Amino acid sequence: MNEENKIVLTFGLFELNDTLATRDMNAADLELTVVLADDAIEALSQEPTEEESVSIHVEQFNVEALNSAFAKTIEGDLDVQLLLNHGPVLSAVVEVPTGKLFVSPPMELLTA
């Protein structure tokens, strides 16, 4: 992929727990920046049905702790996935070494 075709997405991430529904969506715990490879871009062009979702593993990313309480949480190997659902709607999921999950609010994708 050449530099001018690079697609970069940024997601606010929130710890997945019982308080998620009441959280301020403008106060994320982490910020995920993803550089999409050609195979990820191709996967995003799919149109899953209402019953389907497409999981896209991400290799190029950066995670930053916006909430200092999570600075140590993101040390080590992270598993980063994008989930494409019917709509199309895209969200991100990050699993940290302790097993905690962080999720982004769903983002509607514009289609042609």
(message) Suppose we keep only residues that are assigned to a loop (DSSP other than H, G, I, E, B) and under 15 Å from Glu15 (Cα atoms) within segment 35-83. Which one would you say is most open to solvent (accessible area, probe 1.4 Å)?
(response) Lys72
(message) Checking Leu109 against (1) under 21 Å from Val8 (Cα atoms); (2) open to solvent by 70 Å² or more (accessible area, probe 1.4 Å); (3) touching a residue at least 12 places away in the same chain (Cβ under 8 Å): exactly one of these is not met. Which one?
(response) (2)
(request) Identify all residues within segment 84-109 that are more than 13 Å from Val34 (Cα to Cα) and not in a loop (DSSP other than H, G, I, E, B); write none if there are none. (result) Leu84, Asn85, Val89, Glu95, Leu101, Phe102, Val103, Met107, Glu108
(request) Tell me, yes or no, whether segment 1-18 has at least one residue that is touching a strand residue (DSSP E or B) at 6+ places or on another chain (Cβ under 7 Å), part of a strand (DSSP E or B), exposed (fewer than 15 other Cβ atoms within 10 Å of the Cβ) and not aliphatic (A, V, I, L, M). (result) yes
(request) Can you run down the residue pairs with Cβ atoms below 7 Å, 6 or more apart or on separate chains, where the first is in segment 39-67 and within 16 Å of Ser104 (Cβ to Cβ) and the partner is assigned to a loop (DSSP other than H, G, I, E, B) and of a type in the set (Asp, Glu)? (result) Leu66/Asp29; Asn67/Asp29
(request) Considering every residue within segment 84-92, establish whether at least one is open to solvent by 60 Å² or more (accessible area, probe 1.4 Å) and either of a type in the set (Asp, Glu) or under 12 Å from the mean Cα position of the chain (by Cα) (or both). (result) no
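The values are calculated or read from the model by the stated rules, or taken from the named source; none is laboratory data. All figures in this text were calculated on a predicted structure; none of them were measured in a lab. Backbone-built Cβ (ideal geometry, glycine too); neighbour counts: all protein chains shown. Heavy atoms of the whole protein, side chains included, go into the accessibility calculation; ligands, DNA and RNA do not. Shrake-Rupley method; radii C 1.70, N 1.55, O 1.52, S 1.80 Å.
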